[in-house]
């Protein structure tokens, strides 16, 4: 499956910036039907970065994935690639 259909876009909120700086996490809006394994593989393929864990959250028909990156893959570098920083 195409990773760009699974991961729709990153969230750039105060909370997401705080999580990026303190816990090496980024928040993405993802396809509502995607499970954690599929999301992890899609993010690893898109950014060539190692993912430690994926947590999902559904609210108002929108699914968000909280992606924790490994220490060797700083979230701030990925955010810079995406133009968030």
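All of the numbers you see were taken from the coordinates with simple rules; none came from a lab. What you see is a predicted model; the values in this text were computed from it and never measured. Here the Cβ positions follow ideal geometry from the backbone for every residue, glycine too, while neighbour counts run over all protein chains shown.
Okay, residues lined up against (1) at positive phi; (2) outside any helix (DSSP H, G or I); (3) crowded, with 17+ Cβ neighbours inside 10 Å; (4) in contact with a helix residue (DSSP H, G or I) (Cβ under 7 Å, 6 or more places away or on another chain):
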residue: 4; (1), (2), (3), (4): no, no, no, no
residue: 9; (1), (2), (3), (4): no, yes, no, no
residue: 18; (1), (2), (3), (4): no, no, no, no
residue: 29; (1), (2), (3), (4): no, yes, no, no
residue: 34; (1), (2), (3), (4): no, yes, yes, yes
residue: 42; (1), (2), (3), (4): no, no, yes, yes
residue: 52; (1), (2), (3), (4): no, yes, no, no
residue: 56; (1), (2), (3), (4): no, yes, no, yes
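All but one of (1) out of contact with any strand residue (DSSP E or B) (no Cβ under 8 Å at 6 or more places or on another chain); (2) surrounded by fewer than 17 Cβ atoms within 10 Å (Cβ to Cβ); (3) assigned to a helix (DSSP H, G or I) hold for residue 46; which doesn't?
(1)
Out of the residues in the range 62-77 meeting the condition of being touching a strand residue (DSSP E or B) at 6+ places or on another chain (Cβ under 6 Å) and not in a strand (DSSP E or B), tell me which one is surrounded by the fewest Cβ atoms within 10 Å (Cβ to Cβ).
For the range 62-77, the residue satisfying everything is 70.
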